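As structure tokens, the structure follows; a few thoughts come after it.
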Amino acid sequence: MLNTYIDRGIIKWNAFDALVGYSSMLEEMRYRMGKKERPVLSDDDYEQLNRDLNHAMQEHLEVEIRYFHDGYARFTYGTIRRLDYAKREIVLSTMERLKADDILGLAIQ
């Protein structure tokens, strides 16, 4: 008698994902629980940030901007193309627009 084992492939793992949407619900819950409140910057921090922004724009320097979005601090890179004072936005060379109120920090590369 010949032993003819047939692998069931991915089917054998279906029992671990029997509840439809359970994995995505857990992922969403972890995301929501990891959210933090927006950090509050001091007047000195705003002044330094303003000086760094103007210097980087005038000298066309690459910057790393730390900003707050949806409960998390995120990072982006680029050179500053324009400071839009009317809309309170910063336009980067990557065509990304950041609200001035969301910016937490700036590092000149």
Please quote Rg/Rh for the chain to two decimal places, taking the Kirkwood radius as Rh and restricting both calculations to Cα atoms. 1.34
Degrees between helix 22-33 axis and first principal axis of the chain (Cα, 0 to 90, nearest 10): 30 degrees
Note on the chain: contact order normalised by length, alpha-carbon pairs under 8 Å, 6 or more apart, percent, works out to 22 percent
What translational diffusion coefficient, to the nearest whole µm²/s, does the range 53-109 have by Stokes-Einstein, given a Kirkwood radius computed over alpha-carbon pairs, a temperature of 20 °C and 1.002 mPa s viscosity? 191 µm²/s
Given a Förster distance of 25 Å, report the FRET efficiency between H69 and Y22 from their Cβ-Cβ distance, rounded to the nearest 0.05. 0.35
Just add up the charged neighbours of F68: K/R +1, D/E -1, any other residue whose Cβ is under 12 Å from the Cβ of F68. +2
For V91, V63, what's the fewest-to-most ordering of other Cβ within 10 Å of each Cβ? V91, V63
Taking 41 Å as R0, compute the FRET efficiency from the Cβ-Cβ separation of D7 and Y31 and round it to 0.05. 0.70
Suppose only helical runs count, i.e. DSSP H with n ≥ 4. What mean residue ellipticity at 222 nm does that imply for the chain under -39500 (n - 2.57) per run, divided by all residues and rounded to the nearest 500 deg cm²/dmol? -8500 deg cm²/dmol
Cβ crowding within 10 Å averaged over residues, with 41-50, 97-106 ranked highest first: 97-106, 41-50
In degrees from 0 to 90, rounded to the nearest 10, what is the angle of the helix 43-59 Cα long axis to the longest principal axis of the chain? 90 degrees
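Here, each number is a calculation from the coordinates, and none is a lab measurement. What you see is a predicted model, and the numbers here were worked out from it, not measured in a lab. Here Cβ is always computed from backbone atoms with ideal geometry, including for glycine, and neighbour counts include all displayed protein chains.
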